[in-house]
Amino acid sequence: MYNVMSPKAEEFISHEEILESLAYAEENKQNRPLIDEILNKAREKKGLSHREAAVLLDCELEDKNQEIYQLAEQIKKDFYGNRIVMFAPLYLSNYCVNGCEYCPYHAKNKHIARKKLTQEEIVKEVTALQDMGHKRLALEAGEDPVNNPIEYILECIKTIYGIKHKNGAIRRVNVNIAATTVENYRKLKEAGIGTYILFQETYNKESYEKLHPTGPKHDYAYHTEAMDRAMDGGIDDVGLGVLYGLNNYRYDFTGILMHAEHLEAYKGVGPHTISVPRLRRADDIDPDAFDNGISDEMFAKIVACIRIAVPYTGMIVSTRESQKCREKVLHLGISQISGGSKTSVGGYAEPEPEEENSAQFDVSDNRTLDEVVRWLMEMDYVPSFCTACYREGRTGDRFMSLLKSGQIVNCCHPNALMTLKEYLEDYASEETKEIGDKLIEKELDVITNPKVRDKVEDYLANIHNGERDFRF
C-alpha cells in the first residue's frame with residue numbers, strides 16, 4: 001500500500017493511490033470551493049500534495065484555470081526571477097542493449113548508425129560547444145555494459161573537465177545514464193558530476209514493463225528506486241522526468257509528484273529538477289502509434305501545475321519543443337532550457353552526414369545558441385550560464401535553503417548577470433551583445449543589497465577587461 005517513506009517503488013508510487021487521486025480529481029474538477037481552497041494553500045508557496053495538484057490539472061472552471069496560470073507565473077518569478085539557465089546535451093554513445101519501444105536506440109534497430117565518441121572526438125565536440133558559449137552539459141548515453149561501462153563515462157567526464165580552450169570551460173557536467181549501483185553513483189559523485197538525471201518514462205508499472213520488454217531497463221523497481229541509490233551514493237542533486245505521450249498524462253503527472261514527495265520525505269530533499277519531454281518522431285519511431293499525445297494547451301497546464309506543486313524545483317524544457325511552445329511555458333515555470341542542441345552522437349564539431357543519422361529524436365527548435373540567447377533577452381529574461389552553486393557546494397538541501405530564504409536575488413541573479421556578460425564578451429554577435437549590455441544595466445537595479453551591487457559592477461568591469469569566472 002501507499003507509503004511515502006518506503007524504499008520500495010510500488011509503495012511510494014502506489015498504483016491504487018494514483019487511481020484514487022485521479023478519481024478524486026475527476027469528481028472535483030468543477031468543485032469551486034475545493035479548488036479555491038487548494039489555490040489559497042498554493043499561494044503560501046510551500047507546495048501541494050499530488051492529489052491537490054491533480055485536482056488543479058483536471059479543473060474545468062475557466063476563471064480558475066486563469067488563476068492557476070497567474071499563480072504559476074508569480075511563483076516562478078518569486079523563486080527564480082527572470083533567469084533562464086542554459087545548457088546543451090552531449091550524446092556520448094547510442095549503443096544500447098534495451099528494447100525500449102519509443103527510442104530509436106533500442107537493440108533491435110539494425111539501420112540506425114551506431115556510434116561512440118572517442119576521447120579525441122569528445123575534445124573536438126566540447127571545444128565546439130565552448131566556442132558556442134556553453135558552460136553546462138548534460139551527458140547522454142545508451143545502456144550497454146560492454147560499449148558504455150561506467151569507466152567510459154568517468155573517463156569522458158574527466159576529459160570534459162580538462163578541456164580549456166580560449167576563455168571556454170565546461171563548469172558543470174550533468175549525467176543522464178541508466179540506473180546503476182550505489183557504488184557507481186559514488187564514482188560519479190567523485191568525478192564531480194552536477195545533477196544525476198534519469199527519466200522514469202512512465203510510472204505505470206504495467207505500461208512500463210510493456211514499453212521495456214527486454215534489457216536491464218525492464219526492471220521497474222530497480223529503475224524507479226535509482227534516485228534513492230544515487231542519493232545513498234552521495235549525489236545531492238537528482239533530476240526526474242516522464243516522457244509525455246507514452247502513457248496517460250494524468251497518471252504520470254501524479255506519479256512524478258509522488259516521487260518528488262518520496263524524495264523530500266525519505267531523503268530530506270526533493271528533486272533538483274523536473275523535465276517535461278514529449279514524445280517526438282525519430283528513426284524507427286512513430287509517436288502517433290502510442291495514442292497518448294497531449295495538446296500544447298495541456299502541456300502548458302502540466303508545466304503550470306508542477307510549478308505550483310513543487311515551487312522550489314527547477315523545471316527543464318528541451319529543443320524537443322518548438323519556439324512557440326517554449327515561449328509559452330517559460331512564463332509558467334520553466335527555469336532551464338537547452339539551446340543550439342544536437343541529439344546525435346557528436347554533430348557539434350561537424351554536421352553529421354545524413355546517411356549516418358544517430359539522433360535520438362527530431363529537434364523542433366533548431367536555432368543557434370546566439371539566436372536563443374537574443375530571443376530570451378528580447379522577452380526580458382536573463383540567460384544564465386551560471387554554475388556557482390554547484391562549485392560553491394550549494395547543492396541539495398543547501399541550495400533549497402538558499403531558494404526558500406529569498407536571497408537568490410543577491411546571489412543567483414548577480415551570478416547570472418556576470419556569466420551573461422562573459423557570454424556577450426566572448427561569443428555573442430554584435431546585435432546580441434548590444435541587447436545584452438542594455439539588459440544587464442537594467443537588471444542591476446534588481447539587486448537589493450547595495451554592497452552586492454557595487455561588487456557586481458566591479459566584476460562586470462573586470463570581465464569587460466578580460467578577467468573571467470567571478471562568482472558569489
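Nothing in this text is a laboratory measurement; each read-out follows from the coordinates by a stated rule. Every value quoted in this text rests on a predicted model; they were computed, and no experiment measured them. Please note: Cβ atoms are built from the backbone with ideal geometry, for glycine as well, and neighbour counts cover all protein chains shown.
Normalized C-alpha radius of gyration of segment 388-464, against 2.2 N^0.38 Å? After normalising by residue count via 2.2 N^0.38 Å, the value is 1.18.
So for the chain, Kirkwood radius off the Cα pairs, Stokes-Einstein at 4 °C and 1.567 mPa s: how many µm² s⁻¹?
D = 57 µm²/s.
Using the Cα centre of the chain as origin and beta-carbon charges of +1 (Lys, Arg) and -1 (Asp, Glu), tell me which of G81, S93, T395 is placed farthest towards the positive end of the dipole. Highest projection toward the positive end goes to T395. Positive end of the dipole of segment 78-219 (Cβ unit charges, origin at the Cα centre): among C156, Y102, F199, the Cα lying farthest that way belongs to C156. Dividing the radius of gyration of the alpha carbons in segment 323-472 by their Kirkwood radius gives 1.01 for Rg/Rh.
Before anything else, pin down the relative contact order of the chain: Cα pairs under 8 Å, at least 6 apart, normalised by residue count, whole percent.
Values: 862 pairs, mean separation 91.7, N = 472.
In percent, rounded to a whole number, it is 19.
Neighbours of V303 by Cβ distance under 10 Å: Lys/Arg scored +1, Asp/Glu scored -1, total +4. Restricting attention to segment 123-259, lysine pairs at least eight places apart or on different chains and with alpha-carbon atoms under 24 angstrom apart total 17. When the alpha carbon coordinates of segment 112-236 are projected onto the principal axes, the ranges are 51, 36, 24 Å, largest first. Of the trypsin sites (Lys or Arg not before Pro) in segment 114-193, the ones in a loop by DSSP (not H, G, I, E or B) with at most 10 other beta carbons within 10 Å are K166. Summarising the strand pairing of the chain, around 10 percent of its internal DSSP beta bridges are antiparallel. Distance between the C-alpha centres of segment 322-341 and segment 21-43: 28 Å, rounded to the whole angstrom. Take the alpha-carbon positions of segment 12-107, form their convex hull, and give its projected area averaged over all directions (one quarter of the hull surface) in nm². For the Cα atoms of segment 12-107, the hull's average projected area reads 9.8 nm². Take the alpha carbon gyration tensor of segment 9-65, find the square roots of its eigenvalues, order them as a ≥ b ≥ c, and report rounded if a/c is under 1.5; if not, report prolate when a/b exceeds b/c, else oblate. Oblate.
Helix-only arithmetic for the chain: the sum of -39500 (n - 2.57) across DSSP H runs with n ≥ 4, divided by the residue total, places the mean residue ellipticity at 222 nm at -13500 deg cm²/dmol. Sparsely packed loop sites in segment 20-99 (the GluC sites (Glu not before Pro) outside DSSP H, G, I, E and B with at most 12 other Cβ atoms within 10 Å) comprise E44, E60.
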